[in-house]
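First comes the structure, then the notes that go with it.
The values are calculated or read from the model by the stated rules, or taken from the named source; none is laboratory data. Predicted model, so just to flag it, every value in this text is computed and none were measured. FYI the Cβ positions are ideal-geometry reconstructions off the backbone, even for glycines, and counts take in every protein chain you see.
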Amino acid sequence: MATWHTACASLESVTLADAAYVHNRCCGWVTREQLLTARGQLLQHRAAELCKREAALEEGRRVHGFAPELGVEREGGASIVAITA
């Protein structure tokens, strides 16, 4: 398949009797199942990282006394504003 791809750079998929292959810039030639599995694992990893970041942000808001729904807490006569993304 790499030889075919060299001869025709626009070639992105090849279907043979046993499997369908796709060309991926990062992985090279892989089956669609391999590509879907790799993408699913990447999405799971990103979701876990996002959950960790959200938990850390929430903990920071709790420790510093910021109201998460408003992003503002009042101490005495002053206001502290938290900008969250």
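Structural remarks
- Hits in the stretch 4-21 - residues which are hydroxyl-bearing (Ser, Thr, Tyr) and under 17 Å from Leu36 (Cα atoms): Ser13, Thr15, Tyr21
- Cβ-Cβ under 6 Å pairs, at least 6 apart or on other chains, the stretch 21-34 side touching a residue at least 12 places away in the same chain (Cβ under 8 Å), far side of a type in the set (Val, Ile, Thr): Tyr21/Val14; Tyr21/Thr31; Arg32/Val22
- All strands (runs of 3 or more DSSP E) inside the chain with 3 or more residues being among the hydrophobic types (A, V, I, L, M, F, W, C) and modelled with pLDDT under 80: 78-81
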